[in-house]
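A short write-up of the structure that comes next.
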Amino acid sequence: MKLVYEKSKPGRRASSLPKHDLPTPEIPDELRRSSPPRLPEISEPELVRHFTALADRTFGVDTGFYPLGSCTMKHNPRVNERVVSLPGFRDLHPLQEEDASQGALELMWRLQEILAEIVGLPAVSLQPAAGSQGELTGLLLMRAYFSDRGEGEQRREIVIPDTAHGTNPASVTMAGYELVGVKTDPRGNVDLDDLRGKVGPQTAGLMLTNPSTLGLFDEGIEEITRIFHEAGALMYYDGANLNAICGISRPGDFGFDIVHFNLHKTFSQPHGGGGPGGGPIAVRERLEPFLPVPAVVRDGEAFRLDYERPKSIGKVRGFCGPFGVFVRSYAYIRSFGPALKEMSEVAVLNANYMLALLKDAYELPFDRLCMHEFVLSGRRLKREHGVTTLDVAKRLMDYGFHPPTIYFPLIVPEALMIEPTETEAKETLDAFAEAMLAIVREAAEAPELLKEAPHARPVKRLDEVRAAKNPIVRYRFEEHEQPHAAGEPRQLEAQKGA
Amino acid sequence: MLETIGIDSVDELFEQIPAGVRLGRSLDLEPALSESELVAHLTELASRNLDTGRELSFLGAGIYDHYVPAVVDAVLARGEFLTAYTPYQPEMSQGVLQAIFEYQTAICELTGMDVSNASGYDGTTVAADACYVAKHATGRSKVVLAETVNPQVRQVVKTYAPGFGLDVVEVPHRNGTIDPDELQAAASDAACVIFQQPNFFGCLEPAPDLAAAAGDAGALAVAHVDPVSLGVLEAPGAYGCALAIGEGQSAGNYQSYGGPHYGFFAARSEFIRRMPGRISGETVDSNGERGFVLTLQTREQHIRREKATSNITTNQTLLALAGLVHLSWLGPQGLRELGETCLALSHYAKERLSEAGLELVFPDKATFKEFAVRAGRPAKDAIRSARSNGVHPGYALGRDHAGLDDALLVAVSERRTTEEIDRLVEVLTA
């Protein structure tokens, strides 16, 4: 399909702008644009058709089942899009005076209260833009907290299990901490013996996802908490998998001091092809003074922004954070109320049902009931038929499904990480399981069918190695190299998803 | 389903959670609302906000009331774009990958750069990203911020600085803009210099001289730019910047009380392997047909973990797509006209306010769409009185700049009319 730039014709345009008869002031020569940017020149009908064609070549939750593990690809209710478009939200300037933004401030304050109740921690900042920024914010809070206590120099290490999302170690580095890895035991829990040897006066904190990326609730959580709190360290809860436990268990109650939420996972902000997200954090009382400014506070009947927080780490993002995301997530939660528990129950039920249908045909590295997602291994297919997890993923596309997350977590070879979510009907779960089972049969009978998959998508497998070796990351107009046929496309057997 | 799983009740699924950490009560939340009740509740909340359709607004200071064309809404309402995840499986996501590639091209064209990522969170966090890239590219740990950079951008850089191991130095303005010699002196041993064009006061910086001053000191020049200014103002790449960053909201996003929007991050090609975030790249499929993939992923956290160039995963793709659609709607001619319209209207506002006896804070400085004017009384009083007449006259600069307690920062987008500007003059001089 052509790029929008390749459809461009000189002189065409879609826009009309207000006319006026004012003189245009001169811009000093050295500051004036010397050659115009080569933006598309295209009529509105062609513009609409172009982006419609691109949408047709994109698969969303609206298109079909999208069991990408750790991503919580649930249905996004359309009423949320309606309310976020109300002019009182959509066209509100972030520096509008407080008396003229009471509705926005109240919405944020209410969302803070709700999030605090869901995780059992009293103080919330909505400001971080996404989960990974929530992580970094949490680590900067730890730095500020220990520095304030005179322990900043001493506590340099953050402990992270080997099942963690890549964002955790990356955030540790960005926060200027040192990473200490800890192993997973044969039941899929944090290895407590390994952990005990790694926690001490040098430890600032733990980062833990629970349920873990294996889809398992850590059965040793009470002991983990004891180890960290006895060492005077803090505990950070990565909320990527919060969809499993809303109304059932609260990280604040099992000892965590800092929690981030992924509003785009648990609370249905649409993923938008990569974003936006929202990564609020909730903390215990002793960390509240360090939260980003401004805080959204209630004064009697009125709501206001409080900048007077002398111990605050500062700002991690502009204004109060991604407000439109708050509107959608607030609306989503209000449509459930206390029945958020049922959301999590059905998410866990759906995952266990699908696990039961698939665990004999694939390998299950940790044979337990799962939470909201589970991880299978395609190792046997590789050993017996030379078919990889990547091949399984590509073949699923031919059955009309988005593949699960693959090659993650790293400790499971040929991993397939499957998260059905609570918004899928049993028939969809059955159809997906049937496809997964059919693929196992195909692997034995006609493995080339898998190796050459997908057969029914707009493109065949793409050469990722070529893209990385000779990066073409923008259109170059007349100088743009025309693509030409290469040999076998080479994919990277690397994590895709999560 | 329970029978297939081999259990008798849903409760059994949660037995792996130790009894001591189960909640054992209902969440204390208000009862569920039906869809119509939900709309009524949120409509009531929204009604207590005075949006820019209900109050004539000259507020800017980083977020602007530009027109968002209808095609942007139409494209963003497509469920495939709205509900897709990050395009990890390219065969499922050619549309969004191509859109990102086209967005990257648009940002490179606007900024005169070779490479753009798929977006950062907003105009503040991309500045922190730039410091991180500069630190690793130069091995230096000092960063220099022009005091004329948006205060929120500077605050975010300072928040990130302890984690990044950065020392932040600020260079004061001289009559509204930065002095290149002073900047060069501050930039010795610095990893990068960040300046903003047009700057926070709306003034045009001597940007080519600032970039040269940074370069002479061995620091990377980083320009923080407004995308809708780049039809009339020179591209940072044309005057030697290493990186160009900015807040994308002006191009294609509603004000939305400050977010979600997109930050853009563009660089010269030598920095491609140090870029933070997603990048879409062109390649071929097994039939030799063109296709797109997320590329250079060995920079990223899911592959490189603690050695990644950034921890970013979720970005602002949908908002960046809005930017691409808006810029495609404008085209080069529309972008230029938009810039000229902002220039002409804001110049008209400056003239009218001056004629009415109000003093411009930096009268000899060229501006783009925003300028600082003294209200002749404390700005907060002027704002209160103007608002009682239905006009928000602008941002009180005294909120973050000492000595400017009487100054308003007035933004004039293409949506304002000369009649509305006359009304502003009337209420400010009443």
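Annotations
- Partner shielding of B:296-304 amounts to 6, given as the average count of beta-carbon atoms from other chains within 10 Å of each residue beta-carbon.
- For chain A, the membrane-span-like helices by this rule, meaning whole DSSP H stretches whose C-alpha atoms cover at least 20 Å of axis and whose Kyte-Doolittle mean is 0.5 or above, are A:102-119, A:340-358; this says nothing about an actual membrane.
- Percent antiparallel among DSSP beta bridges (both partners in the range A:82-334, rounded to 5): 40 percent
- Taking a sphere under 11 Å around the Cβ of B:R299 and counting the other residues whose Cβ falls inside, with K and R at +1 and D and E at -1, yields a net charge of +4.
- Convex hull of Cα atoms in the protein assembly as shown, direction-averaged projection (nm²): 34.9 nm²
- In order along the range A:416-423, the phi-based Karplus estimate (6.51 cos²θ - 1.76 cosθ + 1.60, θ = phi - 60°) of 3J(HN,Hα) comes to 10, 10, 10, 10, x, 6, 7, 8 Hz; Gly and Pro are listed as x.
- Global geometry of the range B:139-179, whether rounded, prolate or oblate, following the gyration tensor of its Cα atoms and the 1.5 cut on a/c: oblate
- Scaled against 2.2 N^0.38 Å for its residue count N, the alpha carbon radius of gyration of the range A:365-498 is 1.20.
- Taking 0.36 nm per residue of separation and subtracting the current Cα-Cα distance, fully stretching the chain between B:S385 and B:R54 would add 117.5 nm.
- Listed residue (A:T173, A:G150, A:P87) projecting farthest to the positive dipole end of the range A:82-334, Cβ model: A:P87
- Integer Hz, Karplus 6.51/-1.76/1.60 couplings in order for the range B:186-200, x for Gly and Pro: 5, 7, 5, 6, 8, 6, 7, 10, 10, 10, 10, 9, x, 7, 4
- Rg of the Cα atoms in the range B:71-324, relative to 2.2 N^0.38 Å, amounts to 0.99.
- For A:H75, nonlocal amide neighbours, meaning residues 5 or more places apart or on other chains whose placed amide H falls under 5 Å from its own, are A:T423.
- Qualifying GluC sites (Glu not before Pro) in the range A:16-96, DSSP loop, other Cβ atoms within 10 Å at most 10: A:E26
- Here the scattering of the range A:82-334 is modelled by Debye summation over its C-alpha atoms, one equal scatterer each and no solvent; at q = 0.14 Å⁻¹ the log10 of I(q)/I(0) is -0.90.
- Once the convex hull of all Cα atoms in the range A:79-161 is built, its volume per residue stands at 165 Å³.
- Rounded to whole numbers, the Karplus 3J(HN,Hα) couplings from phi for the range B:396-408 are 7, 5, x, 4, 9, 9, 4, x, 10, 5, 9, 9, 10 Hz, using 6.51 cos²θ - 1.76 cosθ + 1.60 with θ = phi - 60°, and x at Gly and Pro.
- Computed from Cα atoms alone, the Kirkwood hydrodynamic radius reported for the range A:148-227 is 13.1 Å.
- Per-residue Cβ neighbour rank within 10 angstrom, fewest leading, A:S344, B:S280: A:S344, B:S280
- Considering only Cα atoms, the convex hull volume of the range B:231-340 works out to 150 Å³ per residue.
- Local charge for B:E414 was computed over the other residues whose Cβ lies under 14 Å away, with Lys and Arg +1 and Asp and Glu -1, and equals -1.
- Under the criterion of Cα pairs below 8 Å and six or more residues apart, the relative contact order for chain A equals 18 percent.
- Restriction of the GluC sites (Glu not before Pro) in the range A:222-312 to DSSP coil positions whose beta-carbon has at most 11 other beta-carbons within 10 angstrom yields A:E301, A:E308.
- Nonlocal amide H pairs with A:T209, under 5 Å, H built at 1.01 Å: A:D238
- Antiparallel beta bridges, as assigned by DSSP with both residues in chain A, represent about 55 percent of the total such bridges.
- For chain A, Kirkwood radius (reciprocal of mean inverse C-alpha pair distance, Å): 25.2 Å
- Bridges between two residues of the protein assembly as shown, per DSSP, are antiparallel at a rate of about 55%.
- Ranked for footprinting exposure by Cβ neighbours inside 10 Å, fewest first, B:H224, A:H50, B:H347 give B:H347, A:H50, B:H224.
- Shielding by partners, peptide A:261-269 (average Cβ within 10 angstrom, other chains): 1
- Per residue of B:49-60, other chain Cβ atoms within 10 Å of the residue Cβ number 6 on average.
- For the range B:273-406, the square roots a ≥ b ≥ c of the C-alpha gyration tensor eigenvalues yield an a/c of 1.5 or more together with a/b exceeding b/c, which makes the shape prolate.
- In percent, rounded to a whole number, the relative contact order of the range A:222-336 is 21, using alpha-carbon pairs under 8 Å and six or more apart.
- Arranged from fewest to most other beta-carbon atoms within 10 Å of their beta carbon, B:T309, A:T428 become A:T428, B:T309.
- Between A:R33 and B:L233, B:E234, the built amide H atoms are under 5 Å apart, and every one of these is 5 or more places off in sequence or on another chain.
- Across all directions, the average projected area of the convex hull around the alpha carbons of chain B is 27.1 nm².
Since every read-out is calculated from the coordinates, none of them should be taken as a lab result. Since the structure is predicted, the reported quantities are computational estimates derived from the model, not experimental observations. Neighbour counts are summed over all protein chains in view; Cβ atoms, including those assigned to glycine, are modelled from backbone coordinates with ideal geometry.
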